[in-house]
């Protein structure tokens, strides 16, 4: 067992691209679920429309990179509006089913071979990130402290990613202290009371859905740029479930909850993954019990168990306040 | 996906689009880059067909002929774009390409990957589709739709009754469907029983699992006073755990039962069907009718409907609500297990088969009206028909999209569903 590798890989995961991507997705869910009480289970679709907006813009239509980023954000806003109009009047469980269905509709549609010319089908799209890496200030090489290091491209993605995380946290912090944020939290607690005060609950919910969706779409951009490709199956429903686990782990309705949640989540996931893989290759776990292809399944089992245990025993997560979690049926 | 492939074999062979393509992306470990595929016409492998591979617009890379199982593979020097062409002259007599303009396919191979290439061939080739006008396909598609709808209905009935009696939106219901199929596979292939006793045992296993789940898990959560939204998220976690436990023990590749998998199709007028499918449909109809009659006629059925209507009132009039819920869980899980077995007979046993139909089950349940057993039946049949008939107008791969869109539209105009009672849903 090489503990240096185990620790360095785990720490790299905790601050690496996955942590950034899922932090952004989770901040979006935190706005929707944590503050407003909306159960949006289609966050993967918001990430996917962002990523596909960027990739289709550059790789298929040959547009400018920054214009394509705008297309991605506009698509996320459009998705939120299309999704919100029929669903925001519905009860929480209906909203969950419909948003997850919408995410699957998007994924199935883009992976269909009939639209291969535009979306690349199951292969997805590549070669759209050139303009982003042209302005990479890091020279070629490895950057890091001790055994934890990233190459120049990853460094640039991480720099931009964590700046985006900081900006999103700042925006969420300021907004939730504003009258607008107080209305959102009031909607979570008692929609009818807010309505009786003359507020347009539907409009506020829609704004929350759009804001969370756009933050999720930023996560989609980072995902697309960090891998240099978009593929439909990277936006499966599990992505959303992971992001929910992160929100609940860190503490819903807390500004820094998603950040802490994502760092701990990926640290733990990668740590357990590495220990299992090394134990298998060192022969501590016989192949009859588990081989390396089964380690991937263990990750999902652990996440599922973690999600169940958190909701049952500690729904407020690490930082949250139990009274602020919208988990009761209404 | 596979189900439709079996049903549509009469017109087009080898429609393993999703399976084929996903196999291409998942086979990175097999060494160098290559293109490969399997030539199947109406379920039968096609051998000795010549395949040529060229770099795009450039030099020939290699050529091969398909083997006795219809499989072929050409190694390519590295990632890049390639032209793969099938020599139509070497196809056996009576077999042709479904799309004659797709004799040469342009594909991208990624470094380190083996790319699966799909040539759609069928008896009669292009004419197999063209002589069939759209409307000639309606009877077959409608039949397939009813067949699939009945399978969805079996899963939907349990889901809807559990929702009705406990308020739980159970995202782990699909895993009960998978459990039925995997248990049947275990008894059938690993233990070596015939599929019929294996299926009966698997149904018992699924029912017992439903009973235990409620006895030791959901019942405990209800007594703790866990909220309904919290329970829904718990069920998502449970679904993740169960699905990946199946992946852990059963592995990722789809498998077939040992019996009744290869059958000669029957020709019933405009509809082609295998005997196994017909028997499956008969079982579905018998079970659904039995459950329906039990709900209408028996004391227990009346008690179930009373609990679904108003649990507190039912409890105060002397009905043992917990017992009713436990029976609903057991029966619901058992018939979901049967649905899984029948689905696996038509497709294959696969660790995420239940998850793949879960949203369609939800669509059926919501379409019919959440919490109503008969609504679930009607809604599921409509979803099944929608899925199959929509392939007249939209690509095969997108057929589930139509059903999911209907789900959203129904929620817009009649959120309580077709048979549901008008109540506040927002």
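Taking A:247, A:194, A:31 in turn, the Gaussian network model of chain A (Cα-Cα springs below 10 Å) assigns the largest fluctuation to A:194. In the stretch A:11-237, Cα pairs under 8 Å separated by at least six residues give a relative contact order of 41 percent. Evaluate E = 1/(1 + (r/R0)^6) for residue B:134 and residue B:105, where r is the Cβ-Cβ distance and R0 equals 25 Å; express this FRET efficiency to the nearest 0.05. It comes to 0.45.
When peptides B:332-345, A:140-153 are ranked by their average number of other Cβ atoms within 10 Å per residue, the highest-first order is B:332-345, A:140-153. Give the shape of the stretch B:54-210 as rounded, prolate or oblate, defined through the alpha-carbon gyration tensor: a ≥ b ≥ c are the square roots of its eigenvalues, a/c under 1.5 means rounded, and otherwise the shape is prolate if a/b is larger than b/c and oblate if not. It comes out prolate by the Cα gyration axes.
Residue exposure proxy: A:169, A:70, ordered by other Cβ atoms within 10 angstrom of their Cβ from fewest to most, comes out as A:70, A:169.
Model label points for residue A:305 and residue B:317, set 7 angstrom from Cα along the Cα-to-Cβ axis, are 4.5 nm apart. Rounded to the nearest 10 degrees, the inclination of helix B:173-185 to the longest alpha-carbon principal axis of chain B is 60 degrees. On a 0 to 90° scale, report how tilted helix B:321-346 is relative to the longest principal axis of chain B, with both axes built from alpha carbons and the result rounded to the nearest 10. On a 0 to 90 degree scale, this one is about 10. Semi-axis lengths, largest first, of the ellipsoid equivalent to the stretch A:48-107 are 28, 11, 6 Å, with √(5λ) applied to each eigenvalue of the Cα gyration tensor. Taking the number of Cβ atoms within 10 Å of each Cβ as an exposure proxy, the fewest-first ranking of B:173, B:244, B:106 is B:106, B:244, B:173.
For the stretch A:174-244, the direction-averaged projected area of the alpha-carbon convex hull comes to 6.2 nm². Using 1/(1 + (r/R0)^6) with R0 = 45 angstrom and r between the beta carbons of residue A:114 and residue B:223, what's the FRET efficiency to the nearest 0.05? Calculated value: 0.30. Across the protein assembly as shown, Cα-Cα pairs more than 39 Å apart make up 38 percent of the total.
When chain B is treated as a Gaussian network with alpha carbon springs shorter than 10 Å, the biggest mean-square fluctuation among B:112, B:318, B:78 belongs to B:318. Remark on the stretch B:136-413: hydrodynamic radius 19.0 angstrom, per the Kirkwood mean of 1/r across alpha carbon pairs.
For chain A, the mean residue ellipticity at 222 nm estimated from helices alone is -22500 deg cm²/dmol, where every DSSP H run of n ≥ 4 contributes -39500 (n - 2.57) and the total is divided by all residues, rounded to the nearest 500. Suppose the Debye formula is applied to equal point scatterers at every Cα of the stretch A:11-237; what is log10 I(q)/I(0) at q = 0.11, 0.12, 0.14 Å⁻¹? Values returned for q = 0.11, 0.12, 0.14 Å⁻¹ are -0.57, -0.67, -0.87.
For the stretch A:234-330, the convex hull spanned by the alpha carbon atoms encloses 122 Å³ per residue. Cβ-to-Cβ counts within 10 Å put B:236, A:275 in ascending order as A:275, B:236, the fewest first. Over chain B, Cα pairs under 8 Å with separation of 6+ residues give a relative contact order of 20 percent. Ranked by the mean number of other Cβ atoms within 10 Å of their residues, highest first, the peptides A:44-52, B:289-297, B:69-77, A:8-16 come out as A:44-52, A:8-16, B:69-77, B:289-297.
Quick one: check the C-alpha center-to-center distance for the stretch B:363-423 versus the stretch B:136-175, whole angstrom. Here the answer is 10 Å between Cα centres. The spacing between the stretch A:93-121 and the stretch B:68-126, judged by their C-alpha centroids, is 27 Å.
Across the stretch B:174-199, the residues whose backbone nitrogen lies under 20 Å from the label position 7 Å along the beta-carbon direction of residue A:288 are B:190-191.
Taking every alpha-carbon pair under 8 Å whose residues sit at least 6 apart, the stretch A:224-326 reaches a relative contact order of 35 percent. Within 10 Å of the Cβ of each residue in B:410-417, the mean number of Cβ atoms contributed by other protein chains is 3.
In chain B, the longest principal axis of the Cα atoms and the axis of helix B:373-389 are about 10 degrees apart. When the Gaussian network model of chain A links Cα atoms closer than 10 Å, the mean-square fluctuations of A:320, A:130, A:28 top out at A:130. Of interest is the spacing of the C-alpha centroids, which for the stretch A:196-220 and the stretch B:252-269 amounts to 49 Å.
Rule-based calculations on the coordinates, nothing more; no lab input. If you're wondering where the values come from, they're calculated on a predicted model, not measured in any experiment. No Cβ is skipped: glycine too gets one built from the backbone with ideal geometry, and neighbour counts run over all protein chains shown.
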